[in-house]
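Everything on this sheet refers to the single structure shown next.
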Amino acid sequence: MPSFSVAGSIAARHPEVLVGGLVASNLRAAAARVAGQPFPEDTARALVNQDVTIELVADHPLIRDWRTAIADCGLKPSTWKCSPEQLARRTLKGGPVRSGLDLVDLYCEVATRHLAPLGGYDVDRLPPEPIVLRLADPGSDIFVPPGGGDVPLTDKVAVYAAGSTVLRWAFNCRDSRETCLTGDTDTGLFLGEAVTVVQHAALRAALADLAGRLTAAGGEVGPLGFADAEHPDLTIG
């Protein structure tokens, strides 16, 4: 069962931080069922019904708070967009994300619908160290983004890391290709976060939605767990 904690440096900068997670197994079988299940309704229409449009997405309260958090990382929010903004823009332009992996498409669609960031990780590919949401250590941390390329790894950037392996960079802007879900993943860890109280309800709704859909597809889903500034430690599973 993965263990997780929120570092004091993150809690001090974002005292309203909330991180939630769940572990799900039997995912190889579930992925085949997910492929045959349509999304509950048109995702772009669901966004428009929440007053989310291409022109207004950056000003939506859930996205605006993420832009502030990205700026706190020393990054330009218009360049390094949070994952909910990336997904919403892609969906409004061309429909839900299609990555080639049904489970990734599923959690991305849930994240898009709720404007709440979610990430999926292969438990068998995770390092043995506990996962910590903390500030990056430029001298020792290693991050391998999908497709390669360089990303700024400074001591202001918030990362999910296990030991020196960065799983997710700038809260939710980029995932590591070393720990992400693959077609062979059978047990997955799913994490999401909020940095303001305004975002808490969306995060909780997204994780509950994801748990329900994975269960409906035959996944064996463990209980939801949450960590925050006052209760920073969590064992997930």
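Every number here is computed from the coordinates shown, using simple stated rules; none is lab data. Here the structure is a predicted model, which is why all the values come from computation and not from measurement. Cβ sites come from the backbone with ideal geometry, for glycine too, and all protein chains shown count toward neighbours.
Sum -39500 (n - 2.57) across every DSSP H segment of at least 4 residues in the chain, then divide by the residue count to get the 222 nm mean residue ellipticity, nearest 500. If you can, show how the numbers build up before the last one.
Working: 7 runs with 78 residues, N = 237.
Computed mean residue ellipticity for the chain: -10000 deg cm²/dmol.
Full-extension gain between Gln50 and Ser99, please, as 0.36 nm times their residue separation minus the C-alpha to C-alpha distance. Each step should come with its number before you reach the end.
Working: separation 49, 0.36 × 49 = 17.64 nm, distance 2.49 nm.
Stretched out fully, the Gln50 to Ser99 stretch lengthens by 15.2 nm.
Taking 0.36 nm per residue of separation and subtracting the Cα-Cα distance, what length does fully extending Ala71 through Leu224 add? Write down the numbers at each step before the final one.
Details: separation 153, 0.36 × 153 = 55.08 nm, distance 2.94 nm.
Gain on extension, Ala71 to Leu224, equals 52.1 nm.
Counting Lys and Arg as +1 and Asp and Glu as -1, each charge on the Cβ, what is the dipole of the chain about the Cα centre in debye, to the nearest 20? Can you show the working numbers first?
On the way: 21 positive and 29 negative charges, 110 e Å.
Computed about the Cα centre, the dipole is about 520 debye.
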- [ ] With a cut-off of 19 Å, note down the residues of segment 2-25 whose backbone N falls inside the zone around a label point 7 Å from the Cα of Asp186 toward its beta carbon.
- [x] 2, 23-25
Task: segment 88-162 versus segment 175-196: alpha-carbon centroid distance in Å - done: 7 Å
Open item on the list: I need the shape label for segment 159-202. Rule: rounded when a/c is under 1.5, else prolate if a/b > b/c, else oblate, with a, b, c from the alpha carbon gyration tensor.
Closed with: oblate
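Just need the relative contact order of the chain here, percent rounded to a whole number, with Cα pairs under 8 Å and 6+ apart. Don't skip to the answer; put the middle values down first.
Values: 471 pairs, mean separation 91.7, N = 237.
About 39 percent, as a whole number.
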- [ ] Determine which residues of segment 37-56 fall in the zone a paramagnetic label at Thr215 would reach in this model, i.e. backbone nitrogen under 18 Å from the point 7 Å along Cα→Cβ.
- [x] 40
TODO: Sticking with the crude label model, points 7 Å out along Cα→Cβ, report the distance from His231 to Arg177 in nm, one decimal please.
DONE: 3.9 nm
Task: Simple label model, 7 Å out from Cα along Cβ direction - Ala205 to Asp59, nm - done: 2.1 nm
Task: Gyration tensor verdict on segment 3-235 (Cα atoms; rounded if a/c is under 1.5, prolate if a/b is larger than b/c, oblate otherwise) - done: rounded
Open item on the list: What distance in nm separates the two pseudo spin-label positions at Glu129 and Thr154, each 7 Å out from Cα along the beta-carbon direction?
Closed with: 2.3 nm
